[in-house]
Amino acid sequence: MTRKNRPIQSDIAWSAADAVTVKGFDLSNDLMGKVNLGDMAFLELMDRLPTDSESIVFNALLVSLVEHGITQSSLATRLTLAGAPEAVQAAISAGLLGLGSVFVGSIEGAARLLQEEARAVDAGDLRVVAARLVNDYRASGRVLPGLGHPVHRPVDPRSVRLFELAGQHGLSGRHVELMKLLSEEAERVLTRPLPVNATGAIGAIASEIGIPWQATRSVGVVARAVGLAGHVVEELRNPIAMELWRRSEEEATAHLRG
């Protein structure tokens, strides 16, 4: 049987001799000089430009994750740059590749949990849902995404501000409520601080905006790419990667040298 080819189609953008059209907007005349990068990212994800309130909150989501100092991702970027200084894109990519279920990528886990649960119990008591989820995750030994932080306790200041902005701009609904309840219930059951961290807050607010959970990690990727570009610039100006490599090699193999 001859396979029938599926149509190849994309509605994102197209180019002509005198224009580039993106999501129905003329790039040069409608977007450049009028739309900031965060709003452009929103357009790519949501097929429309944000409202004023959405713009403020979505840009805050991005800003909250641009930078967190010397982290696994920034170390990967700096070390890669030391080995391939001619390939800045490779250095930034190296940092982005580590954005998984533990760092930044936990946005996706939180958003998936919130979207699936909020959809399943539209008319239900979210406090009951939170209690069930905490018990289920505890019994299976899994970690609830979006809760806890090794540095920020008893609260993550980024989450506090993000939730404040979401409330001020009409983007604090059932997803945000469930995220907060999960934190309260987890802290009660496990008797230790488990604040909603930045990725949990972003997962909740992105869900309020309507971003499907499968795309929420891209918010972190866009944000962290900007921060990693900053680490590239600092590494070029004030390199630390080679010193980190030298000391790591020496300390890791000291026992072999006696």
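Worth a mention:
- Sum of side-chain charges, Lys23 neighbourhood, beta-carbon under 11 Å (Lys, Arg +1; Asp, Glu -1): -4
- Checking every one of the trypsin sites (Lys or Arg not before Pro) in the stretch 88-182 against DSSP loop status and a limit of 12 other Cβ atoms within 10 Å picks out Arg142.
- Modelled spin-label separation between Val102 and Arg48, with each label point placed 7 Å from Cα along the Cα-to-Cβ direction: 4.0 nm.
- Evaluated with a Cβ-only charge set (Lys, Arg +1; Asp, Glu -1), the chain carries a dipole of roughly 720 debye about its Cα centre, given to the nearest 20.
- Exposure proxy ranking, count of Cβ atoms within 10 Å, fewest first, for Lys4, Lys34: Lys4, Lys34
- Of the GluC sites (Glu not before Pro) found in the stretch 18-110, those in coil by DSSP whose Cβ has at most 12 other Cβ atoms within 10 Å are Glu86.
- Ala215-Arg161 pseudo-label distance in nm [points 7 Å out on the Cα-to-Cβ vector]: 2.6
- Largest GNM mean-square fluctuation across Phe25, Phe163, Phe58, computed for the chain with C-alpha springs under 10 Å, falls on Phe25.
- Cα gyration tensor category, rounded, prolate or oblate, for the stretch 27-103 with a/c compared to 1.5: prolate
- Mean Cα-pair separation over length for the chain, i.e. relative contact order, pairs under 8 Å, 6 or more apart, %: 25
- When Thr80, Thr2 are arranged by Cβ crowding within 10 Å, least crowded first, meaning fewest neighbours, the order is Thr2, Thr80.
- Inter-site label distance for Met32 and Glu250 at 7 Å from Cα along Cβ, in nm: 5.1
- Of Ile205, Ile240, the sequence from fewest to most neighbouring Cβ atoms within 10 angstrom is Ile240, Ile205.
- Applying 0.36 nm per residue to the separation of Ser93 and Glu243 and subtracting their alpha-carbon distance, the gain on full extension is 51.8 nm.
- Orientation-averaged projected area, Cα convex hull of the stretch 51-251 (nm²): 12.9
- Choice from Ser106, Ser73, Ser140 with maximal GNM fluctuation in the chain (Cα, 10 Å cutoff): Ser140
- Built amide H within the under 5 Å cut-off of Val20, gap 5+: Leu27, Ser28
- Working note: Cα atoms of the stretch 62-145, range along each principal axis, descending, whole Å: 56, 26, 18.
Every number in this text was worked out from the coordinates using simple rules, so none of it is lab data. All of these numbers come straight from a predicted model, not from anything done at the bench. When we count neighbours, we look across all protein chains shown, and the Cβ atoms used for this are built from the backbone with ideal geometry, even at glycine.
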